Amino acid sequence: MLNTLKVLESEVLAGIPALKSEQEVYDFRNSVVGKNGSLTGVLKGIKDLSAEDKQTVGKVSNELRDRLSAAFDARLAAIADERVEERLKTEFVDVTVPTGETASGHLHPITRALLEVEDAFKRMGFEVLESKEVTTEYLNFDAVNVPSSHPARDMQDTFWLEGKGNVLSTQTSSMQNVILKSKTPPIRVIIPGRVFRNEDIDATHENTFYQVEGIVVDKGISMANLKYAIRTMLSDLFGREVSIRLRPGYFPFVEPGVEVDFSCPFCGGEGCRICKKSGWIEFMGAGLIHPNVLREGGLDPAEYSGFAFGFGLNRLVMIKYGITDMRHFQNADVRFLSQF
Ligand code: PHE
């Protein structure tokens with residue numbers, strides 16, 4: 001029997017290196033040590049041996065089983081290694097190679113337009129200052145000649161804050177007095193800022209939006225300077241010469257006050273869908289700074305004059321890109337944002 005075992009071992013050991021897959025190893029191992037395996041068959045004969053032989057053969061067969069089991073395990077490990085080698089050869093990826101795709105974010109359309117607006121004004125020698133989102137009733141209203149009876153001060157239009165006379169800026173004009181007091185003419189600044197109004201929200205109204213205020217003060221400033229500055233900025237922004245039209249308009253902080261329109265940059269003034277066939281686009285309020293406002297800012301209206309304007313940046317971006325609903329700007333929907 002010992003001889004049979006020896007022959008069996010050498011046969012099995014000789015067969016193992018030829019096994020190509022784990023399944024082949026399992027099948028072969030089963031054919032040796034499984035229920036009906038060749039080794040199992042031989043070992044069944046042990047029970048018929050003498051007590052002495054039982055001991056010897058039992059010991060030998062246990063050792064044999066251990067050796068075979070080690071040989072099968074070694075083959076399984078080798079097959080796993082070969083597979084890894086194979087995958088490394090065929091599936092190697094150089095993770096340092098640039099993919100050409102960058103999933104980085106980008107500027108919001110409002111920010112982008114603001115940077116363009118700022119550039120245009122900077123080229124004309126303007127300084128860019130930031131407005132305050134939280135301001136006072138004095139700066140937002142009194143200092144810019146808005147009478148205490150003015151409806152804009154109502155609960156409905158203004159977000160009043162707790163504490164004495166604090167409000168969320170309803171207009172960047174709340175910076176006029178700050179600028180006049182802190183600078184000496186010649187003054188040439190734009191003040192972009194976020195403003196807040198207690199509005200019902202719809203496609204063209206938001207409770208939170210962006211304005212750009214402009215203030216120029218020097219000796220002999222006139223409406224012609226205003227027209228030039230605005231025409232230059234808009235022509236820059238749309239990449240095409242536009243013309244400016246002034247209509248009378250009322251704002252307490254300017255005198256005379258005007259509504260500024262510009263010729264439609266899409267049809268050149270002929271009339272199209274964007275300008276609603278009129279050839280003109282309504283743009284903003286402006287005018288020559290009211291003497292009361294200059295005085296409140298510490299400047300003598302007999303010596304200095306200036307103009308001020310304020311436009312809504314949201315509206316400008318809507319015109320520029322043909323956006324029809326103002327609510328898109330605030331709701332952070334990537335399907336909207338990824339278009340810019
Ligand atoms: N502050 C005005 C508004 O919010 C705009 C404006 C600014 C008008 C400066 C005239 C001069 O409507």
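The values are calculated or read from the model by the stated rules, or taken from the named source; none is laboratory data. Values in this document were obtained by computation on a predicted structure and should not be read as measured data. Cβ: placed from backbone, ideal geometry, glycine included. Neighbour counts: every protein chain shown. With ligands, DNA and RNA removed, areas are computed over all heavy atoms of the protein, side chains included. Shrake-Rupley method; radii C 1.70, N 1.55, O 1.52, S 1.80 Å.
State, to one decimal in nm, how far the label point of GLU91 lies from the label point of LYS219, with both points 7 Å from Cα in the Cβ direction.
For the pair GLU91/LYS219, the computed spacing is 8.2 nm.
Starting from the 7 Å offset along Cα-to-Cβ, what nm value, one decimal, do you get for the label separation of LYS181 and TYR138?
0.6
Give me the percent of accessible area attributable to carbon and sulfur for segment 183-254, probe 1.4 angstrom. Write out the running numbers ahead of the final one.
Working: 1590 of 3400 Å².
C and S fraction of accessible area: 47 percent.
At 1.4 Å probe size, with every protein chain present, just tell me what the per residue accessible area of the chain comes to in Å².
56
Most fluctuating residue of GLY193, GLY100, GLY37 in a GNM of the chain with Cα springs under 10 Å: which is it?
For the chain, modelled as a Gaussian network with Cα springs under 10 Å, the answer is GLY37.
Kindly write out, for segment 36-42 in residue order, the coupling ³J(HN,Hα) from the Karplus curve 6.51 cos²θ - 1.76 cosθ + 1.60 (θ = phi - 60°), rounded to whole Hz, with x marking Gly and Pro.
So the J values, rounded to whole Hz, are 9, x, 5, 5, 4, x, 4.
Given charges of +1 on the Cβ of Lys and Arg and -1 on the Cβ of Asp and Glu, with all other atoms neutral, how large is the dipole of segment 197-246 about its Cα centre, in debye to the nearest 20? Let's see the in-between values first.
Values: 6 positive and 8 negative charges, 87 e Å.
It comes to approximately 420 debye.
So how much accessible area does ASP53 have, in Å² to the nearest 10, using a 1.4 Å probe?
70
Give the calculated FRET efficiency between GLU241 and ILE274 to the nearest 0.05, with a Förster radius of 22 Å applied to their Cβ-Cβ distance.
About 0.80, to the nearest 0.05.
At VAL84 and MET124, where each label point lies 7 Å from the Cα along Cα→Cβ, what is the point-to-point distance in nanometres?
Computed distance between label sites VAL84 and MET124 equals 7.0 nm.
Could you run the Karplus curve 6.51 cos²θ - 1.76 cosθ + 1.60 with θ = phi - 60° over segment 112-124 and give me ³J(HN,Hα) per residue in whole Hz, x for Gly and Pro?
Here the 3J(HN,Hα) series is 5, 5, 4, 4, 5, 4, 4, 4, 4, 6, 4, 4, 8 Hz.
Among the trypsin sites (Lys or Arg not before Pro) within segment 195-246, which fall in a DSSP loop and have no more than 10 other Cβ atoms within 10 Å of their own Cβ?
Here the trypsin sites (Lys or Arg not before Pro) that fit, given the DSSP loop and packing criteria, are LYS219.
Enumerate the calculated ³J(HN,Hα) couplings along segment 321-338 in order (Karplus 6.51 cos²θ - 1.76 cosθ + 1.60, θ = phi - 60°), each rounded to whole Hz, writing x wherever the residue is Gly or Pro.
9, x, 7, 9, 9, 5, 5, 4, 4, 9, 9, 6, 8, 5, 5, 7, 5, 6
May I ask you to derive the FRET efficiency for MET1 and TYR26 from their Cβ-Cβ distance with R0 = 22 Å, giving the value to the nearest 0.05? Display every interim value, and only then the final one.
Details: r = 27 Å, r/R0 = 1.23.
It comes to 0.20.
Along the charge dipole of the chain, Cβ charges K/R +1 and D/E -1, which of LEU107, PRO291, MET223 sits furthest on the positive end?
The one lying farthest along the dipole's positive direction is MET223.
Using alpha-carbon positions, what is the distance between the centroids of segment 268-289 and segment 13-41, in Å?
89
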